[in-house]
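Novice: Let me give you the structure first, and then I'll get to my questions.
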């Protein structure tokens, strides 16, 4: 399970019980340095929501009662995903949250998946440490396009990474990003580009992962 491998488990997290006061929760937040932490029930099993430092500060600045239970300012109570959820569902739930709560098979609090972990996983798909170039290839998105492109690459190199963008029903153009392995020389790169364009696939950008600079940009096919 991909999600499970990325989760920060509950035993290693700073949390507060639903019975603590806003004053007590603020101290936990200030001592930990976190902008928000999960609120759990007294058993430590059920996720109730999140408490944000800024909401407590605002409440306090307006003369609010700091002896109220932390649940008074509870947020994100329904922002959870099961630990066995399909990975793509994370993107529809996490959005602007610093993290999303993850529940186990019994709907108990398992831990959190943070933005940092999510972005770290996505960055690994670029294989920067073992890659040489990233080619952005435009196609029509027709059936078999990816297979044809992959076959061209396979004649010269192994593919270290592949991401397809613009995969929407109303899109008539697809951008597929291919990462080439370390050690790929410019002659091989040029051969791949030539073969792709011979098959009417437009290579609109090539990024050199080692220098961090684009070495080819063609905006003519981008609206």
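Yes or no, residue by residue, for (1) surrounded by fewer than 12 Cβ atoms within 10 Å (Cβ to Cβ); (2) at negative phi; (3) modelled with pLDDT of 90 or more:
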| position | (1), (2), (3) |
| --- | --- |
| 167 | yes, yes, no |
| 193 | no, yes, yes |
| 203 | no, yes, yes |
| 208 | no, yes, no |
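Novice: Return the pairs, sorted by first residue and then second, in which the second residue is surrounded by fewer than 19 Cβ atoms within 10 Å (Cβ to Cβ) and outside any loop (DSSP other than H, G, I, E, B), the first residue lies in the stretch 39-68 and is touching a residue at least 12 places away in the same chain (Cβ under 8 Å) and on the phi > 0 side of the Ramachandran plot, the beta carbons are less than 7 Å apart, and the residues are 6+ apart or on different chains.
Specialist: Sorted first by the residue in the stretch 39-68, then by its partner, the pairs are 49/75.
Novice: Output the residue which, of all residues in the stretch 80-97 that are touching a helix residue (DSSP H, G or I) at 6+ places or on another chain (Cβ under 6 Å) and modelled with pLDDT of 90 or more, is surrounded by the fewest Cβ atoms within 10 Å (Cβ to Cβ).
Specialist: Going through the qualifying residues, I end up with 83.
Novice: So, in the stretch 48-67, how many residues would count as being surrounded by 14 or more Cβ atoms within 10 Å (Cβ to Cβ), over 15 Å from residue 35 (Cα atoms) and touching a strand residue (DSSP E or B) at 6+ places or on another chain (Cβ under 8 Å)?
Specialist: Adding up the residues that qualify gives 2.
The values are calculated or read from the model by the stated rules, or taken from the named source; none is laboratory data. Computed from a predicted model, the values in this text were never measured in an experiment. Counting neighbours? That spans all protein chains shown, and the Cβs are built from the backbone with ideal geometry, glycine included.
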